[in-house]
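A.B. asks: Mind looking over this structure? Questions follow.
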Amino acid sequence: MRRKYSLTLLAAAVVALAAGQTASAADLARRAPPPAAPAYIPPPVFSWTGFYIGGNLGVAWTEASVCCDIFGNSRHNSQQAVFTGGGQVGANYQWNWLVLGVEADFDWLANNHNSTNSLILGSHAFQLSANDRWITTVTGRVGYAFNLGGGPWGLGWNPGTGGPWLIYGKGGWGWAGVNKFTLTNLNGFGSIDLSNSNSNDGPVGGVGIEWAFAPNWTAKLEYDNLFLSDKNFTVQTGLPVLNVLNGRTFSTVNRDVQTVTVGVNYLFNWH
């Protein structure tokens with residue numbers, strides 16, 4: 001009787017263990033699947049639309065001719081590069097890859113004395129010197145925006161869709177300030193200031209490339225040429241040290257100011 005009872009208990013235990021294993025397997029089969037990976041959301045396409053403000057540093061140099069000696073010849077001069085720095089403000093609007101904008105900038109030039117070669121008048125040699133001090137321009141810009149591929153800031157080539165790279169041209173009007181024009185008699189008879197303060201203006205054009213290296217921030221490299229209008233100076237009469245020039249008119253012609261600058265802009269309304 002005891003043996004029969006023991007066999008009954010053993011059978012019951014086996015049945016219970018088998019039922020538990022079956023329930024565990026069922027629970028494993030019903031376990032919730034792992035959460036799905038979040039959907040990939042590509043970064044927003046960079047837009048050049050918005051207002052911007054920034055600063056720049058670079059070099060500037062001038063070229064000009066002074067006219068005329070007793071033979072009707074002009075004398076050309078070219079100035080070595082000097083430091084320039086300043087700032088700019090502007091606005092862009094982008095349609096697909098086309099970017100249109102306006103910009104105004106102002107730059108100081110390091111102190112320099114820009115002197116012409118000598119002019120021969122009679123038995124005297126003369127030299128005209130100027131001291132450029134500042135440049136300001138107001139221009140329109142037109143550019144082509146593109147993406148180099150491999151993400152918003154990567155490498156590759158993906159033209160025609162817009163992007164964080166911009167090549168552009170610009171054109172408009174500019175002004176240059178000159179502290180004074182000085183005429184010197186190289187034979188040792190002194191010098192005179194033809195004018196204490198002058199500004200000159202003319203058309204300006206340039207090209208550049210700009211890169212949005214981070215949201216709201218761009219860096220650029222730019223070349224500009226300001227073509228200044230001719231300017232005339234008449235020597236007053238009654239100056240004994242320069243009497244050979246009394247009443248004579250000089251002209252500065254083909255004068256321009258060229259700059260190469262690097263700059264950084266902060267772009268508002270980035271999206």
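Any read-out appearing in this document is the output of simple, stated calculations on the displayed coordinates, not a laboratory observation. Since we're looking at a predicted model, the values are computed, not measured. When we count neighbours, we look across all protein chains shown, and the Cβ atoms used for this are built from the backbone with ideal geometry, even at glycine.
A.B. asks: Sum up the charges of everything whose Cβ sits under 15 Å from the Cβ of K170, counting Lys and Arg as +1 and Asp and Glu as -1, but leave K170 out. List each step's numbers first, then the result.
C.D. replies: Working: positive: R141, K220; negative: E103, D105, D107, E210, E222, D224.
With Lys, Arg at +1 and Asp, Glu at -1, the net is -4.
A.B. asks: Collect residues whose amide H, placed 1.01 Å from N in the peptide plane, falls under 5 Å from the amide H of L228; neighbours closer than 5 in sequence don't count.
C.D. replies: R255, D256, V257
A.B. asks: Under 9 Å from the Cβ of T259, count the other residues' Cβ atoms, weight Lys and Arg +1, Asp and Glu -1, and hand me the total.
C.D. replies: On the way: positive: none; negative: D107, E222, D224.
Cβ neighbours under 9 Å give a net charge of -3.
A.B. asks: Between A125 and residues 5 or more places away or on another chain, which pairs have amide H atoms under 5 Å apart, with H built 1.01 Å from N, and which residues are they?
C.D. replies: Residues meeting the amide H criterion: L186, N187.
A.B. asks: Moving on to the next point. Grab the other residues whose beta carbon is less than 12 angstrom from that of T139, score K and R as +1, D and E as -1, and report the net. Before the final figure, lay out each step's value.
C.D. replies: Values: positive: R141, K170; negative: E103, D105, E222, D224.
Net charge around T139: -2.
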